[in-house]
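Reviewing the structure listed below.
Here, each number is a calculation from the coordinates, and none is a lab measurement. Quick caveat, the model's predicted, so the values are computed rather than measured. Neighbour counts run over all protein chains shown; Cβ positions are idealised from the backbone, glycine included.
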Amino acid sequence: MPRGRPIHNAAASALWAAAAFAASVHAQATTDPCAAMAAAQAWITGASSTVHILTGQEVIDCYSSFSIDAATRKAQVDVLKRSFELYPYADVAKSSASPYYASNVDIIALLDAAASNDALNTEFAFQNQIINNLNSLYDAHVAYSPSCFSVATLMQPFILGANHTDGKPPTIYVKSSIVNAAFFTSASSAVATKLGNAISAYFGDVTQYIGLAVTSINGSPPVDFLQKIADSQGFSKNPQSRFNRVVARPSYVQGAHLIDAGSYVISSAITADMAKSVVYELAGPSGTLNVTAPWGGFAIAATSFTGRDSYYQAFCASSGAATPATPGGTTAKVGSLLPSIKSPVPNQHILKRPVDVTKIVRNYNFHIDSVNSRIDTALSAKDLGIVSKAIDLNTVKPLVSDEVSAFYMLDDTTGVWLWSSISPTTSTGTFESLLSTIPAGLTALEKAGATKLIIDTQGNGGGFMCISAATLQYLFNDGIKMLNYDMRLSASASAILKNADISAALSEASGRLSLVGDIPITSGAKSPLDNPQTITRGGVQGTYTDKFYLDCSDGAKGLAALPTLTKGWSTNAIFLLSDGTCGSACGMFTRAARDQFKVKSFVVGGSQGTVFQPTAFEGGNVINFTEIAVTTQQIVKLASIDTTNLPLMPTKLFPLPVDGQIPTWDSYSQYSTVGLGYPAEWVPENADALLSVTDPSDRVAIWLAAAAAAGNPTNSGKAPSPTGTSGPSATGTTTPKSAAVRSSGSSAVLVQVLLVVAAAAWFI
């Protein structure tokens with residue numbers, strides 16, 4: 001029997017498992033525990049012609065071979081705890097209850113417990129415990145990825161689908177083979193083809209199982225099993241949106257429509273359970289089938305290795321001195337520190353150049369010139385590439401598209417904007433290219449006759465907040481406040497941010513932030529730090545900055561140079577579509593559109609057959625751990641802060657290298673009807689309706705259901721005023737409802753009010 005192939009005979013399963021276990025024990029006793037990993041990587045890179053697909057046991061053997069002592073655990077946790085001095089939800093997570101999301105997570109206590117737990121005597125066990133602790137925050141902005149355990153990827157043979165009927169939890173079925181996932185089909189490289197063929201051979205022919213219902217997984221009801229997996233992965237405070245991530249869903253990757261297999265069946269977050277096979281009970285045509293499937297996968301890394309020792313040196317050992325090098329010497333200015341940091345992993349959250357208005361206009365004109373003649377011809381021929389009857393969306397050319405957006409006519413009157421991300425996904429994508437595609441696409445839909453607009457944000461994890469603000473401004477032509485923000489001021493953060501040098505750097509913001517009282521922050525003006533607020537959250541009395549807005553005025557120059565929509569859509573003719581994974585800048589866009597302009601929202605999928613929230617992780621302004629350590633070390637040195645009795649944020653890097661980040665800002669919706677003044681991320685606001693869609697991975701079916709739910713709204717072409725006061729324009733005054741776009745877009749420098757407030761934070 002081929003290694004790794006699923007089998008469905010119970011007796012054979014037991015025999016196979018015993019043989020595999022015996023072979024594993026023998027291998028561990030006689031070989032290097034990372035030899036299999038080295039062989040797998042050598043095959044992928046072409047250094048060896050011998051095919052080697054990793055088993056779960058082989059990965060676990062390697063990962064578990066590195067011991068850890070108490071001192072290293074404590075040092076690792078110490079850096080992480082000090083970083084969490086900036087975490088905005090450290091207090092509220094300790095004790096939150098209805099009507100908000102419930103939580104009783106004391107993250108600092110959990111980290112301390114991991115540091116003192118001698119049972120966590122390998123790096124793998126210890127780091128996985130840290131990951132589990134952080135995942136319990138259910139915040140996708142919190143990331144912690146140890147480089148030592150990020151080399152292998154393991155998978156199961158099936159893509160699992162969720163079949164929905166009205167008002168009931170879904171039934172789970174085998175939708176397809178894993179080799180049909182976007183993971184393989186989105187890459188055209190020879191390596192992807194090579195790997196796909198090998199994985200297919202490893203698992204054998206699974207087509208015989210496609211379409212069969214899954215009645216249990218490892219003895220548990222399949223929905224319960226998958227929900228437990230989803231919950232362990234963190235991501236969002238809403239369990240139904242978490243569930244949608246572990247089953248098949250539609251994916252739009254660099255212009256192609258693909259199947260996202262889900263975060264359960266393809267994972268680089270390796271756990272000890274993956275050493276064991278998974279047992280699926282399937283409802284076959286002639287009775288129940290018990291299919292036992294081992295985990296199988298591969299290792300891809302930029303650095304080659306031959307065994308345990310060289311693996312550890314390449315991926316697990318600290319890359320340098322515990323104390324970061326000093327950028328710029330002792331004369332460096334605080335405001336210039338962050339841009340000079342050389343992080344091990346480039347941080348796409350920071351943009352250090354002005355917006356190129358000429359490029360925005362040029363990109364827009366390119367789209368419009370190419371689409372105008374096509375639309376004129378299509379209108380006369382009554383052929384707009386309407387997708388309502390399309391079997392494969394890849395056969396329909398969108399009116400306008402780029403790597404993250406595509407604009408289609410669903411039928412004669414319904415336009416659809418598929419918006420999969422708000423940041424570039426390729427090296428050629430830019431802020432300007434994304435910003436120019438949106439008005440071009442909306443203009444094309446308007447010209448094509450769309451009287452209602454569906455904005456599909458399934459899987460959109462966010463990106464540049466100022467593109468969100470620009471889009472709201474372009475659609476609604478009103479003063480857009482988006483959300484407002486504050487920052488948690490621990491004793492350490494207060495000491496650093498209140499230093500005179502840091503306060504002086506804040507004046508460099510030059511109007512990039514505005515306080516809630518609509519006071520623009522300019523040189524010598526009031527700062528969010530000047531009026532700290534004492535707030536009790538989670539039973540803890542904490543100190544927070546005054547609330548402030550982001551001013552995205554520079555990007556308005558680009559949009560102001562573009563034609564506005566001729567008529568546009570009224571707020572009751574725009575509909576938001578989500579699977580609950582619309583997060584960060586996408587979540588802020590959705591909440592602002594719903595709260596300010598009362599735009600309706602639909603959701604699809606879920607695990608309970610009930611409506612749920614369309615948004616996730618709406619905090620923002622992330623900063624990676626390396627930036628925190630390097631910047632704190634420099635500020636302490638330059639500002640001569642007395643650290644004798646101050647816990648401070650870290651001035652040293654992790655002893656065990658980690659790539660990760662945390663958010664630093666709370667966000668608030670000033671128009672919310674629920675939990676006004678409470679962090680938006682913690683306020684559940686369900687969508688207006690759960691769509692009735694049998695297969696939530698069928699994007700066309702989802703669009704048709706959304707169009708049916710939308711009905712036939714009256715479109716006056718004018719967005720009515722939102723409830724409440726209009727927000728400030730770029731100059732702090734009220735923007736007239738009839739004015740052209742003036743006060744949104746993307747700021748060339750947004751003040752990062754955390755460690756170095758003069759840094760340019762674009763990505764929320």
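List residues of the range 32-54, by number, whose backbone nitrogen lies under 13 Å from a label position 7 Å along Cα→C-beta of LYS194.
Correct set: 40-53.
Could you tell me the ratio Rg/Rh of the range 81-212? Both radii from Cα atoms, Rh via Kirkwood.
Radius of gyration over Kirkwood radius for the range 81-212 works out to 1.09.
If the chain between GLN541 and THR185 were fully stretched, how many nm would it gain, using 0.36 nm times the residue separation less the Cα-Cα distance?
Working it through step by step, the gained length comes to 123.1 nm.
Return the FRET efficiency for the residue pair THR171, ALA102: r is the Cβ-Cβ distance, R0 is 22 Å, and the value is rounded to the nearest 0.05.
With a Förster radius of 22 Å, E is 0.20.
Which order do peptides 683-694, 647-658 fall in by mean Cβ count within 10 Å, highest first? Present the calculation step by step, with values, prior to reporting the outcome.
Values: 683-694: 18.2, 647-658: 20.8.
Ranking the peptides 683-694, 647-658 by packing returns 647-658, 683-694.
May I ask you to give the average projected area over all directions of the convex hull of the Cα atoms of the range 142-293, in nm² rounded to one decimal?
Directional mean of the projected Cα hull area for the range 142-293 stands at 10.5 nm².
Give LYS81/LYS652; LYS175/LYS276; LYS74/LYS237; LYS74/LYS652 a once-over and call out the pairs whose C-alpha atoms are over 18 Å from each other. Mind dumping the intermediate values first?
Numbers: LYS81/LYS652 12 Å; LYS175/LYS276 23 Å; LYS74/LYS237 29 Å; LYS74/LYS652 13 Å.
Cα-Cα > 18 Å for LYS175/LYS276; LYS74/LYS237; rest within.
Grab the beta carbon distance between ASN163 and VAL674, set R0 = 45 Å, and tell me the FRET efficiency rounded to 0.05.
Efficiency at R0 = 45 Å is approximately 0.90.
Give me the Å³ per residue figure for the convex hull around the C-alpha atoms of the range 220-266. Show your work: numbers first, answer last.
On the way: hull volume 3.7 nm³, N = 47.
Dividing the Cα hull volume of the range 220-266 by its residues yields 80 Å³.
Multiply the residue gap between SER232 and ASP412 by 0.36 nm, knock off their C-alpha separation, and tell me the result in nm, one decimal place.
Contour length minus Cα-Cα distance gives 60.4 nm.
With a point put 7 Å past each Cα toward its Cβ, work out how far SER220 is from ASP118 in nm, to one decimal.
Each label point lies 7 Å from its Cα, and together they span 3.2 nm.
Quick query: amide H of ASP659 versus all other amide H atoms, modeled in the peptide plane; which residues come in under 5 Å with a sequence gap of 5 or more or a different chain?
Excluding prolines and chain starts, which carry no amide H, the hits are SER145, SER147.
If the viscosity is 1.002 mPa s and the temperature 20 °C, what Stokes-Einstein diffusion coefficient in µm²/s follows for the range 219-327 when Rh is the Kirkwood radius over Cα pairs?
Using the Kirkwood radius from Cα pairs, D works out to 119 µm²/s.
Show me the ranking of peptides 469-477, 60-68 by mean Cβ neighbours inside 10 Å, starting with the highest. All intermediate terms of the calculation are to be shown ahead of the outcome.
Working: 469-477: 25.1, 60-68: 20.4.
The peptides rank, most packed first, as 469-477, 60-68.
Can you compute the modelled spin-label distance between ALA314 and ASP688, with each label point 7 Å from Cα toward Cβ, in nm?
For the pair ALA314/ASP688, the computed spacing is 5.4 nm.
Starting from 0.36 nm per residue, how many nanometres of slack lie between THR534 and THR31 once their C-alpha separation is accounted for?
Going from the current span to full extension adds 175.1 nm.
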